[in-house]
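Participant: Take a look at the following structure, please.
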Amino acid sequence: MKREISAITFTSVAHFANDGNLLIFPVLINYYTALHVNFIILGFGAMIYNLISGLVSPFIGRIADMLDRDGLLIFLGLAIQGAALSLFAFAFLHIQQVNIIVLSGTALFGLGQSVYHPIGGSVLSSAFKGKSSGTLLGVNSSIGSVGRSVVPLILAALLPLLGITSSLYIIALYEVAASILVLGGLSSFRRNSTPHRKREKKKATDGASKTMPMIYLLVIVIFVRSIFSTGLYTFMPYYFNSVLKNSNLVTEVISLAFLAPVVGQVVFGYLTSAWGGKSVVTLTSIFAVISTILLMLTTNFYLMVILLTLFAFFVFSIFPILIEYVKQLTPESVSASSNSLVWGLGSTIGGAVGIGLFSLLYRVLDVSLSDSMWVLIIIGVISIVIIPILPRRVSVIVT
């Protein structure tokens, strides 16, 4: 029981800290543009951290499966993000070098973001078995969603009191403190700690080769879906600011809307265990696209906020869905490697492509803001069309 309690407690702390940073740079885009920082640089920076995170994540997953030192790796990922936030703050003090500082910060941030999701999911899948795993993944993810909403709200609250630079430094210090706490809590956790698991590890790894083609199909679908979803949510604060003309209000609206996945993570984690990953990926993809289409068709502020909340509800509930779906397809001994492929190459690299495509359309090809968003929505529709290639859950060796 102590093992299970440590797993859910400290991965939740890590998820809160990790996801609390996800909206920081999208929110900072409005503040950097107010200082006349080139939008192309900001778009490229957002693409860089997704690209680096996605490319590094599969290597982190393999290292995690080999070392079985998950607490240490999660600690490093969070600490690196704290350093990246410090660079984002430093950029406001040295406007002449802002481009290189922002790009360096986004590269460091991407490296830090490559760690938690594949490893945290593997820790929980190892600690909890059966139908409870999807629900507990959802609970863990909902805490990450709280972080994703609360941390930008804290930033917005600190700004009038301390200014942007000091506020970011405080969040950076918190990130480092959280990383140390996680290191202490998970330092003794091992996914392959029993003799039985060690004996069976090679057998399960050999069997994993039969399931990897299914993982690659999942990577393809999530890649296309993430072009749509990440491209949109990265620039959603910018889009809302073009309507509201108030950066602080936009920060508050985005933060409150993105509280919706606190409930969605638990709901969809349970449904993935009960219905299977394919059904829930289908459901969330369809409604994410519908909510975005309706959002683009209205200028009513309250309707926009409601539809943004629905978009967040379906898009940001993806973590427990993917981790539980991967668990249904592959053995535990290669769970971190499989999770990192789906999360890194599928979700994160797909997101980088979405950010890059939006930046290309909007700032290089001079396509309007709304039309650039419509292009991403069309890609979202394509992601729904190709969902039938996904496999249903299969029986695998769990070691």
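Participant: Calculate what fraction, in whole %, of the accessible area of the chain sits on carbon and sulfur atoms when a 1.4 Å probe is rolled over the protein chains. Please report the intermediate quantities before stating the final value.
Facilitator: Working: 10570 of 14620 Å².
So the carbon and sulfur contribution to the accessible surface is 72 percent.
Participant: OK, next. Given a 1.4 Å probe and the protein chains all in place, what does the accessible area of T211 round to, in Å² to the nearest 10?
Facilitator: Solvent-accessible area, nearest 10 Å²: 10 Å².
Participant: Could you pull out every whole DSSP H run in the chain that spans at least 30 Å of Cα extent along its own axis and averages 1.6 or higher on the Kyte-Doolittle scale? List each step's numbers first, then the result.
Facilitator: Numbers: long enough: 39-67 (41 Å, 1.54); 70-91 (32 Å, 1.83); 132-186 (44 Å, 1.49); 195-244 (60 Å, 0.14).
Going by DSSP H runs, the hits are 70-91.
Participant: I would also like to ask the following. Please work out how much length the chain gains when fully extended from L244 to I387, using 0.36 nm per residue of separation minus the C-alpha to C-alpha distance, in nm with one decimal. Provide the component values of the computation, followed by the final result.
Facilitator: On the way: separation 143, 0.36 × 143 = 51.48 nm, distance 3.61 nm.
That works out to 47.9 nm of additional length.
Participant: While we're here: Over the chain, give the accessible area per residue in Å² for a 1.4 Å probe, as an integer. All intermediate terms of the calculation are to be shown ahead of the outcome.
Facilitator: Working: 14620 Å² over 399 residues.
Ligands and nucleic acids excluded, the figure is 37 Å² per residue.
Participant: Separate question: Compute the separation of the alpha-carbon centres of the range 271-298 and the range 224-260 and state it in Å as a whole number.
Facilitator: Using only Cα atoms, the two centres lie 18 Å from each other.
Participant: Using a simple spin-label model with points 7 Å from Cα along the Cα→Cβ vector, what separation in nm is obtained for L303 and H36?
Facilitator: 3.9
Participant: Just subtract the alpha-carbon distance of I170 and Y216 from 0.36 nm times their residue separation and send over the number in nm, one decimal. Could the numbers behind the result be given before it?
Facilitator: Working: separation 46, 0.36 × 46 = 16.56 nm, distance 4.03 nm.
Between I170 and Y216, full extension yields an extra 12.5 nm.
Participant: Based only on the alpha carbon positions, what is the Kirkwood hydrodynamic radius of the chain, in angstrom? Walk me through the intermediate numbers first.
Facilitator: Working: mean 1/r = 0.0481 Å⁻¹.
One decimal place: 20.8 Å for the Kirkwood radius.
Participant: So, one more: Please report how far the C-alpha centroid of the range 60-79 lies from that of the range 3-17, rounded to the nearest whole angstrom.
Facilitator: Comparing the Cα centres of the range 60-79 and the range 3-17, I get a distance of 14 Å.
Participant: Now for a separate question. Taking only Cα atoms and a 10 Å spring cutoff, compute GNM fluctuations for the chain and point out the largest among S114, S166, S255.
Facilitator: In the Gaussian network model the winner is S166.
Participant: Given the C-alpha centroids of the range 18-35 and the range 90-153, what is the distance between them in whole angstrom?
Facilitator: Centre-to-centre (Cα) distance: 14 Å.
Participant: Diagonalise the Cα gyration tensor of the range 1-132 and give the resulting equivalent ellipsoid semi-axes, square root of 5 times each eigenvalue, largest first, whole Å. The partial results should precede the final answer.
Facilitator: On the way: eigenvalues 214, 38, 27 Å².
Sorted largest first and rounded, they come to 33, 14, 12 Å.
Participant: In whole percent, what relative contact order does the range 288-399 give with Cα contacts below 8 Å and a gap of six or more residues? Spell out each step's value before the answer.
Facilitator: On the way: 64 pairs, mean separation 38.5, N = 112.
Computed over the range 288-399, the figure is 34 percent.
Participant: Between A157 and S370, how many nm apart are label points set 7 Å from Cα along the C-beta direction?
Facilitator: Distance between label points: 3.7 nm.
Participant: Using just the helices of the chain, give the 222 nm mean residue ellipticity in deg cm²/dmol: DSSP H runs with n ≥ 4 each add -39,500 (n - 2.57), and the total is spread over all residues, rounded to 500. Provide the component values of the computation, followed by the final result.
Facilitator: Details: 16 runs with 320 residues, N = 399.
That calculation yields -27500 deg cm²/dmol at 222 nm.
Participant: Taking the chain as a Gaussian network, Cα atoms linked when under 10 Å apart, which of F128, F301, F228 shows the biggest mean-square fluctuation?
Facilitator: So, out of F128, F301, F228, the one fluctuating most is F301.
Participant: Between A274 and M66, how many nm apart are label points set 7 Å from Cα along the C-beta direction?
Facilitator: Modelled inter-label distance: 4.2 nm.
The values are calculated or read from the model by the stated rules, or taken from the named source; none is laboratory data. If you're wondering where the values come from, they're calculated on a predicted model, not measured in any experiment. Heads up, the Cβs are rebuilt from the backbone with ideal geometry, glycines too, and the neighbour counts pull from every protein chain shown. Remember, those area values only see protein heavy atoms, side chains included, never the ligands or the DNA or RNA. Shrake-Rupley method; radii C 1.70, N 1.55, O 1.52, S 1.80 Å.
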